[in-house]
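Beneath this line is the structure, given in structure tokens, with notes to follow.
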Amino acid sequence: MTKELFFKYLQGACTEAEFDEVLAWIKDEGKSEAAKNLVREIWDELNETAIPEEKARYSRVLDKIHHQINLEQKSSQVIELPKRKKQPWLALVTKVAAMLLLPVLSLLIYTSIRYSDQFAANQPDMEVIAPAGSRVNLELGDGTKVWLNHGSELRYPHRFESDTRRVFLKGEAYFEVAHNSKVPFVVGTKRLDVKATGTVFNVNAYEADDRVEATLVEGRVIVYDRRNSQKIRAMSPNECLKFNVNSNSYSVESKDIEKYTSWKDGILIFRNDPMPVVAQKLGRWFNADVELSNELVKELTVTATFTDETLPQVLELLTEPLPMSFHVTPGVRAADGSFSKQKVQFGFKKK
């Protein structure tokens, strides 16, 4: 590794072969004394010669690294690395590592996708998935915090570079958007776009559902029809907009919105909710197939709050005050060692 090649990489001027050479050097010699000396020398020169534009670009790369590290620590699909003792020289080269070492190493571990500033624009979007029965939280490169509910997917670019910070959601997510009035944050779903600048809100848009919900906790969002960009409503705090995909109509609730956001904190809240809604949420929460085998059961409503209860405990608590019975069929183990979903059937019970 030469100093000239190192600088060429930082300037985004490497050929693909040179980029491969940089990766190999980091992987094979990144901890050597020679590497440490080279990093010290380069940092000293960068400190003296870097122009504001370069510093801004390095800062964007650092944002990208922080984002990757958050994913590694918080995603349920993390690959854990063995712990290493901190070394004194790391403090000296933190910023250089941000420009080169950490992004490459973290990406090799988490995604095995190679990219640099030169190739970033051509890379596929990032995607984070919260597996069934679990929740995931992460922080995007702009500082926006996201919580993903069970069975949800979030797709977003490696770096927000246009005049809009756009992500796409399948499932449910809670957003604490980093404020930037000049670059709005847009959550795209199967039918709606939810636009904000610095706001806290929840979006529920599972593909199998016939509705999309947006719940505003604080700030301001504007909801648009994704098909024609037509404005549907500018929402106020403590409102939940429910859009029916089949009828192209919507309604707005302005009370008890906590039940739409409490899942983020591991709490299930039902407030006079019909059993089909309850069954759907329980199925996602516990990764189970929940069936209502009687029309009379579908007409029942539930008001309850669950925190750390197991599925058997929830079933007992639900059926105690209501004219319902339940039957649980355990999952079946497949040849590969995996298990099918357990099945819960609710039936009507005459008092």
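With respect to the cross-link table entries K190/K255; K298/K349; K170/K264, which display a Cα-Cα separation exceeding 21 Å?
Over 21 Å apart, Cα to Cα: K190/K255.
Across every direction, the projection of the convex hull enclosing the Cα atoms of the range 212-312 has a mean area of 7.9 nm².
Ordering V314, V328, Y260 by Cα displacement along the dipole of the range 210-351 toward the positive end leaves Y260 in first place; charges were set at the Cβ atoms of Lys, Arg (+1) and Asp, Glu (-1).
Taking the Cβ of D209 as the centre, find all other residues whose Cβ is under 12 Å away and add up their charges (Lys, Arg: +1; Asp, Glu: -1). With Lys, Arg at +1 and Asp, Glu at -1, the net is +3.
Take every pair of alpha-carbon atoms less than 8 Å apart whose residues are at least six positions apart; their mean separation over the length of the range 266-316 yields a relative contact order of 51 percent.
Equivalent ellipsoid of the range 117-252: semi-axes from √(5λ) of the C-alpha gyration tensor, largest first, are 23, 18, 15 Å. Per-residue Cβ neighbour counts within 10 Å put F201, F286 in the sequence F286, F201, beginning with the fewest. Near E176: Cβ cut-off under 12 Å, other residues only, Lys/Arg at +1 and Asp/Glu at -1. The net charge is -1. Over 15 Å apart: what share of the alpha carbon pairs of the range 267-348 falls there, rounded to a whole percent? Pairs farther apart than 15 Å: 56 percent.
Values quoted throughout were computed directly from the atomic coordinates according to the rules given, and no laboratory measurement underlies them. Please read all numbers here as calculations on a predicted model, not as lab measurements. Neighbour counts are summed over all protein chains in view; Cβ atoms, including those assigned to glycine, are modelled from backbone coordinates with ideal geometry.
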